[in-house]
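Report on the structure given below.
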Amino acid sequence: MKNIIAILLSVMLISCGNDSIGIQDCVSIGNLRYLVLCEGMYGYNNAELWGIGESGISELFYCNNQRKLGDTANDMLKLNDSTYIVIVSTSNEIIKLGKNGVMLASYQVKGAGHFLKKACMINDSIIAITDLYADKIYLFNHHKIHLDSLDIKGLCAPDGIAFAKNTFVICNSGYGIFRKNDLNSSTIAVHDLHTSQTKFLKTGVNPQHVSHDEKNNHWFVQFAHLTTNPDSLGGIQIFDEKFTTIKEFRGSFIGIPTIHNDSVYAINGKSIVCFAYPFSKYDTLIINNTQDNWYRIGMADNRLYICNARTFSTKGFIMLLDETKKTIKSQYFVGMNPSIMIAI
């Protein structure tokens, strides 16, 4: 009888709610291969950082720091081989981590009216971070743990951000339906860091993500749709080095366009598609024939991965594709709403 009660108590501890780390999650995983950021659900304080190792999978942040990662972790960057940054939006916290998930430092933007969203690297010391609510871009020195603001006027709910060739490209989302009629909503801000000059270029409605193709010097902007407009459709807009639109594809695109070699990969509704240079068309690689929600994709160790959020309210999967990028080779059960995986 005592053994039965002990087993029941153990099960209760393991499954005491979606916002809790179960005791089975803190396990030895051998040599760490990947870090996985799980956003969690807004308002539930259940963001997590998971590790995939040679011999297992484990939640890392709570297990190593005895505190929760926070509420809605929206971005993670690899600074170098041993240091990482996580952006936690509701608490407006910038967390610097070692590769095993141990917290090295933390900085919090105080006061109301902030929502840190996305980040990009400028150099070895500085990262830039968007503030969706405050219409700001911050420059964060992760060595000095010091935050400054970048003087760019006219931003409208900045979301995705990328930096290359001394130039920032910032997605002015307009926060979907909430600020769609505001000045500079649904544009990208192209800001020259040397001259401090900014120009605003029109995009599709609600631009959310931007990525840069260094080899060909193209910029890829993903824009979404307005849920209040049934006929609204998102897309991907491609700009050349002079920021002239050279191509636009319409569809149910979500997430950051992922660049690898001369190809760009993206989620379009229930499919993973590939744009090959010179981007005249795209090919469908793999179709999601399940009821699960494929939420994000990316590259890690030259492997294309899919973040499967399932229902958005249950723990999800990371799915690794094979070399053809057309077949799921392996999958890992992680936290809720996985969104980024980084190879160690």
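The values are calculated or read from the model by the stated rules, or taken from the named source; none is laboratory data. From a predicted model like this one, the values you see are computed outputs, not experimental measurements. FYI the Cβ positions are ideal-geometry reconstructions off the backbone, even for glycines, and counts take in every protein chain you see. Note: areas computed on protein heavy atoms with side chains; ligands, DNA, RNA excluded. Shrake-Rupley method; radii C 1.70, N 1.55, O 1.52, S 1.80 Å.
Data table
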| quantity | calculated |
| --- | --- |
| Length released on extending from Asn166 to Arg250, taking residue separation times 0.36 nm less the Cα-Cα span | 27.3 nm |
| Dipole magnitude (debye, nearest 20) for the chain, charges at Cβ of Lys, Arg, Asp, Glu | 240 |
| Exposure ranking of Thr167, Thr311 by accessible area [1.4 Å probe, largest first] | Thr311, Thr167 |
| Whole-percent carbon and sulfur share, accessible surface of the chain, 1.4 Å | 51 |
| Fraction of alpha-carbon pairs over 13 Å apart in the range 76-130 - percent | 58 |
| For the chain: accessible area per residue (Å², 1.4 Å) | 45 |
| Additional length obtainable on full extension of the chain from Ile328 to Glu214, 0.36 nm per residue less Cα span | 38.2 nm |
| Degrees, to the nearest 10: 2-14 long Cα axis against longest axis of the chain | 10 |
| Largest-first principal axis extents of the Cα set of the chain (Å) | 72, 44, 40 |
| Anchor Lys199: aspartates and glutamates whose Cα lies under 17 Å away (excluding residues fewer than 8 positions away in-chain) | Asp135, Asp151, Asp159, Asp182, Asp240, Glu241 |
| Accessible-area value, Lys78, 1.4 Å probe, nucleic acids and ligands omitted, Å² | 70 |
| In nm, spacing of pseudo-spin labels at Ala276 and Thr195 (7 Å Cα→C-beta vector) | 3.8 |
| Cβ-derived FRET efficiency at R0 45 Å, Asn181 paired with Ala105, nearest 0.05 | 0.65 |
| FRET efficiency for Asn302 and Tyr133, using Cβ-Cβ distance with R0 set to 35 Å, rounded to 0.05 | 0.40 |
| Dimensions in Å of the range 213-291 - Rg and Dmax from alpha carbons | 12.9, 41 |
| Gyration tensor verdict on the range 111-261 (Cα atoms; rounded if a/c is under 1.5, prolate if a/b is larger than b/c, oblate otherwise) | oblate |
| Alpha-carbon centroid distance for the pair the range 208-243 / the range 28-100, whole angstrom | 28 |
| For Ile127, solvent-accessible area (1.4 Å; no DNA, RNA or ligand), Å² | 0 |
| Lysines whose Cα lies under 23 Å from that of Lys202, excluding same-chain neighbours fewer than 8 positions away | Lys117, Lys118, Lys136, Lys153, Lys165, Lys180, Lys242, Lys247, Lys281 |
| Net charge contributed by nearby residues that have their C-beta within less than 12 Å of Ala224 (K/R +1, D/E -1) | +1 |
| Hydrodynamic radius by Kirkwood, which averages 1/r over all alpha carbon pairs of the range 27-145, in angstrom | 14.5 |
| Gain in span if fully extended, Ile126 to His146, counting 0.36 nm per residue against the direct Cα distance | 6.2 nm |
| Label-zone membership for the range 113-130, site Leu79, 7 angstrom Cα→C-beta point, backbone N under 15 Å | 119-129 |
